Structures are given as C-alpha cells and as structure tokens.
Amino acid sequence: MTVSALDAPLDPDLAITGVRASSPFRDAWRRFARDRWALAAAIVLAALHLSAIAAPWIVTHALHQSAFETHMMERITIGGRTVDTVSDAGLPAGPNPRYPLGADLLGRDVLSRMLYGARVSLFIATLGTLLALVIGLAAGLASGFYGGVVDTVISRFVDAMMSIPILLLAIALAAVLRQGSVWMMVLILVLVN
C-alpha cells in the first residue's frame, strides 16, 4: 500500500518513524531523573537554599543584636538542670531544645550562625556562577557567530585563562583588589570562572 502526498502527516518526525521525536531538554531531564545520586544532590541543594532563604523564619531570635539582647552567656535548662550556655571550664552547651546544634564558645546559637552564613555564601556562589554563565555564553555566541579573528582571540584568551590554576588566580585577584566586600567576591568568582 502506498501513501499519497495528501495522506502523509505534516510533521516530518512523524512521517519517518511514526513516533514524535523528543526534545533535547526532555532527553536531558529523563537522564537526570534516572540518576538517583543527581536527584539526591538536587534535593539537598534545594533544601539548603530554602533553609538559607527562610533563615529569618527558622531562627526567630535576631542574630545581629548586641550581646545583651541576644541573651549570650545566659543560663538554659537542659534535662531539668539549669546550666550556663558556656560552662566555667569553657565548654559550650551541646545540642538542646534552645540551641538545636549547640552553642559556640561565646554562647551564640550555631544553627542561626550557619543559616545566616549560608545566605551570604550561597548568594556569592549563585550570583558569581550566573554572571560567569552569561559572560561565557555571550563570548561563545560571539565566537561562533563571527568566527575568524574574533573566534581566535576569544579562544586564545580562554586557553590562557584555563592555563592558570583557579585557586592561585582567585588569591591573586583578592590580594590585588583588597576589598573584602560581597561584590568583590562575586567579581573574583566571575573572573576565575
């Protein structure tokens, strides 16, 4: 039986195989969903980001207050006993209902310090990576579109940057720029990536 041109389907993918071809994004998602370690890592990263974003609601007491307002060095109740947050021997309190991950040597809540520290670290890493992605994408598109001399210059620049160890380059940039701000850290991450 022959198929006339009028009876043939309009979609060329259906005409060849009779099955619609999947997109590259669907194929990538399928491969990602089959990898249990990748899914576990994605769940851990999502939980880490969500807990850092929700830090003000998870930790109800303010972290950035004076020592008198944060109740540092206060006495807490653990197992029916009232104890100092930091003992006379200098040992901080371990995990308890008031401090889920314990206290540090100054009597501060370790969980709140970790959550607020994660906010800054994840902000720097995420923004630096996204900016590096945008710059790399623009350079790759320009290199592929224009070709010739532009492609050669961009390729040689990337080769030169990749020949320098990333850690040494980051330390050198941090020493030269000498500003410990968050934005300077983002700039250093963009430049080394």
| Out of all the residues in segment 135-145, is one or more under 27 Å from I53 (Cα atoms), in contact with a helix residue (DSSP H, G or I) (Cβ under 9 Å, 6 or more places away or on another chain) and not polar (S, T, N, Q)? | yes
| message | I need the full set of residues from segment 40-71 which are at pLDDT 90 or above and open to solvent by 60 Å² or more (accessible area, probe 1.4 Å), in order please. | response | I43, V44, L45, L48, H49, L50, I53
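For (1) surrounded by 15 or more Cβ atoms within 10 Å (Cβ to Cβ); (2) of a type in the set (G, A, S), each residue gets a yes or a no:
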{"site": "V120", "(1), (2)": "no, no"}
{"site": "L131", "(1), (2)": "yes, no"}
{"site": "V149", "(1), (2)": "no, no"}
{"site": "F157", "(1), (2)": "no, no"}
{"site": "S163", "(1), (2)": "no, yes"}
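The values are calculated or read from the model by the stated rules, or taken from the named source; none is laboratory data. In this text the structure is predicted, and so the values were computed from the model without any measurement. Heads up, the Cβs are rebuilt from the backbone with ideal geometry, glycines too, and the neighbour counts pull from every protein chain shown. Each accessible area value is taken on the protein alone, full model and side chains, heavy atoms only, with ligands, DNA and RNA left out. Shrake-Rupley method; radii C 1.70, N 1.55, O 1.52, S 1.80 Å.
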